[in-house]
Amino acid sequence: MECYKKDLKNWVQGNLTACGRSLFLFDEMDELAPGLMEVLRPFLGSSWVVYGTNYRKAIFIFISNTGSEQINQVAVEAWRSRREREEILPQQLEPLIFQAVLDNPHHGFWNSGIMEEHLLDALVPFLPLQRHHVRHCVFNELAQLGLEPRDEVVQAVLDSTTFFPEEEQLFSSNGCKMVASRIAFYL
């Protein structure tokens, strides 16, 4: 683990030395080794210069599925209360996501101090997609392929998509991730 931490720190520092306006994207944070991200704490803190490098123009984006259960629950509860999905405010979800990360000992931020010290500028929740969103994804994918939408293809893709909760079938279980491969199957 210490070797990975050292490599990550050197990689970030080297990139920032080469270009102060660097963008770092860390996907699947919930799959990273717990505590790995603690080496980024100095780069996310209040100091302008770290290890002799000005990093304040750098952007760090962390993507995680942690908190998705809580987000989905809020979305379902909103629907059951006859509220639109778009009425859910990020401020409602941020504490839930924050707590889910802190409670997950398998998360890359575990014991890093990054969450506890509030070093992230914003938490941006991704709400689950409804059937009409997935339909738009199908239309967009067909357009990218240069194809006109055919009702039977659109419907077949929607029918093959898993929606939850089981009774209401409101939200896509995996967004639009599978749309492209399913379209190819039904053409």
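The values are calculated or read from the model by the stated rules, or taken from the named source; none is laboratory data. As the structure is a computational prediction, the values presented were derived from the model and not from experiment. Note that we place each Cβ from the backbone using ideal geometry, even for glycine, and neighbour counts take in every protein chain shown. Ligands, DNA and RNA are stripped out before the accessible areas are found, and what is left, the full protein with its side chains, is counted by its heavy atoms. Shrake-Rupley method; radii C 1.70, N 1.55, O 1.52, S 1.80 Å.
A few remarks follow.
- Restricting attention to the chain, close to 55% of DSSP beta bridges with both partner residues there are antiparallel.
- Cα principal axis extents for segment 101-170, largest first, Å: 51, 33, 18
- Between 0 and 90°, nearest 10: helix 90-102 axis offset from the chain longest Cα axis: 60
- Relative to the longest principal axis of the Cα atoms of the chain, the long axis of helix 131-144 makes an angle of roughly 80 degrees.
- Across Leu187, Leu16, the residue with the most accessible area heads the list, and the full order at a 1.4 Å probe is Leu187, Leu16.
- Partnerless Cys - the chain, beta-carbon criterion under 4.7 Å: Cys3, Cys19
- Taking all protein chains into account, the per residue accessible area for the chain stands at 61 Å² (1.4 Å probe).
- Ligands, DNA and RNA aside, Cys3 has an accessible area near 90 Å² when probed at 1.4 Å.
- Rg followed by Dmax, in Å, when the chain is reduced to its Cα trace: 20.2, 60
- Accessible area, probe 1.4 Å, largest first, for residues Ser160, Ser46, Ser81: Ser46, Ser81, Ser160
- Segment 78-187: chymotrypsin sites (Phe, Trp or Tyr not before Pro) in DSSP loop, at most 13 other beta carbons within 10 Å: Phe126
- What the Cα atoms of segment 1-92 give is an Rg and a Dmax of 17.8, 54 Å.
- Rolling a 1.4 Å probe over the protein heavy atoms of segment 34-187, with every protein chain left in place, gives an accessible area that is 52 percent carbon and sulfur.
- Histogram of C-alpha separations across segment 44-130, 10 Å bin width, %: 15, 41, 27, 13, 4, 0
- Qualifying lysines (Cα of each under 18 Å from Cα of Lys57; at least 8 residues distant if same chain): Lys9
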